[in-house]
Amino acid sequence: MQQLGICVRFGVRRVIMANQLLGAAEVGTVIRLREAHPDLEFHFLIDSQAQLAAIEDIAESVGANSFARAQPLSRKLTALVELGVPEGRTGARTFDEALAVARAVAASKAVALSGLECYEGLQVTGDSARDEIVVDGLMRRVHDVALACDREGLFAGPAIILSAGGSAAFDIVARDLPMKLSKPVLTILRSGCYVTHDSGFYNRMLEGVKARSGAAWQSRPGLQPALEVWSRVQSCPEPGLAILTMGKRDASFDLEMPIASKRYRPGTDAAPQSVPASWKIANMNDQHAYLRFSADEAPQVGDLVGCGISHPCTTFDKWRALFTVDDDYRVTGAIRTFF
């Protein structure tokens with residue numbers, strides 16, 4: 001809800017919250033924002049009739065108390081039925097479950113069915129052939145539920161939204177998710193990591209995209225890492241070890257350690273240099289990183305070390321401002337973050 005409020009504050013009027021909407025305060029916030037901003041198009045995810053019942057009870061209460069009228073809302077809330085996968089996160093697991101939720105939403109006095117949603121990311125392993133089969137299967141499930149809902153006239157609104165999230169197999173989603181129904185279909189690909197890409201996990205996943213996409217795609221530069229965290233060598237306390245002024249408070253570490261890629265020695269280097277292959281971040285504490293290296297490729301105290309990161313999502317929220325730079329590392333601006 002905090003992120004929705006920020007979107008509205010900055011003038012964004014079309015929002016998908018790729019999560020379930022629950023709680024009196026949260027539902028009430030959505031209702032009040034939509035009442036205050038009639039042009040706000042907001043969609044949330046729904047995957048159970050229990051969630052729908054809770055929203056209906058809250059909407060009725062908010063309609064009666066907060067707006068001093070015991071009557072239906074001026075506009076129904078709009079939701080996407082989420083399809084999930086076994087052992088995965090949220091989302092209806094079967095065709096029958098998804099269709100039952102869709103029918104309940106379509107019959108609701110508080111919520112309208114605007115489309116379907118899924119997330120492919122948790123299924124992707126990096127095995128290109130396997131990933132294509134698994135993700136394609138999920139897209140077919142979305143198609144099957146969409147066709148059934150369309151036949152029964154369950155979708156409200158002038159267009160039907162079909163949306164899939166994930167940054168590792170977006171090529172399969174872009175190829176397989178679009179379809180034709182009785183109303184125009186708005187296909188929305190939600191690949192968050194395209195903003196910066198990364199130097200680790202998603203960079204490896206991109207090789208699978210290239211392998212599936214043919215020679216023409218492979219000849220292009222593709223996505224390039226654009227997020228780096230720079231720190232300084234503050235100590236070289238023993239052979240083969242340097243301590244950097246960067247830790248878990250500064251860079252993501254949930255998938256793997258940051259990847260040392262560049263070094264700059266003030267007073268010596270005219271520009272950042274590539275680091276030796278032996279330089280590896282072995283561990284991190286809250287505010288320190290352990291850089292391991294070969295004895296003949298040692299950094300010096302005072303060196304600046306630039307690291308690429310693996311999984312940008314958990315680096316962004318560690319900074320209130322991110323500086324943008326040109327190819328010569330001159331600062332060109334800053335981006336504020338709101339988490």
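The values are calculated or read from the model by the stated rules, or taken from the named source; none is laboratory data. Bear in mind the structure is a predicted one, so any value in this text is a computation, not a measurement. Glycine also receives a Cβ, built like all others from the backbone with ideal geometry; neighbour counts cover every protein chain displayed. All accessible areas refer to the heavy atoms of the entire protein, side chains included, with ligands and DNA or RNA removed. Shrake-Rupley method; radii C 1.70, N 1.55, O 1.52, S 1.80 Å.
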Any pair with Cβ under 9 angstrom, 6 or more apart, that starts in the stretch 12-37 at a residue that is under 25 Å from residue 164 (Cα atoms) and without any contact (Cβ under 8 Å) to a residue 60 or more places away in the chain and ends at one that is in a strand (DSSP E or B) and small (Gly, Ala, Ser) = 21/79
State whether one or more residues within the stretch 89-103 are touching a helix residue (DSSP H, G or I) at 6+ places or on another chain (Cβ under 7 Å), small (Gly, Ala, Ser), part of a loop (DSSP other than H, G, I, E, B) and in contact (Cβ under 8 Å) with a residue 12 or more places away in the chain.
-> no
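Residue by residue, here is whether (1) surrounded by fewer than 13 Cβ atoms within 10 Å (Cβ to Cβ); (2) under 30 Å from residue 147 (Cβ atoms) holds:
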residue: 6; (1), (2): yes, no
residue: 60; (1), (2): no, no
residue: 77; (1), (2): no, yes
residue: 83; (1), (2): no, yes
residue: 89; (1), (2): yes, yes
Search the stretch 187-206 for residues being surrounded by fewer than 16 Cβ atoms within 10 Å (Cβ to Cβ) and touching a residue at least 60 places away in the same chain (Cβ under 8 Å), and hand back the single one that is nearest to residue 44 (Cα to Cα).
-> 192
In the stretch 309-339, what residues are closer than 26 Å to residue 205 by Cα, open to solvent by 70 Å² or more (accessible area, probe 1.4 Å) and among the aromatic types (Phe, Trp, Tyr)?
-> 319
Being under 16 Å from residue 173 (Cα atoms) and either open to solvent by 10 Å² or more (accessible area, probe 1.4 Å) or outside any helix (DSSP H, G or I) (or both) is the filter here, so list the residues in the stretch 128-156 that pass it.
-> 128, 129, 130, 132, 133, 134, 136, 137, 140, 141, 143, 144
Mind listing whichever residues of the stretch 207-246 are surrounded by fewer than 19 Cβ atoms within 10 Å (Cβ to Cβ) and part of a helix (DSSP H, G or I)?
-> 207, 210, 211, 212, 213, 214, 215, 216, 217, 218
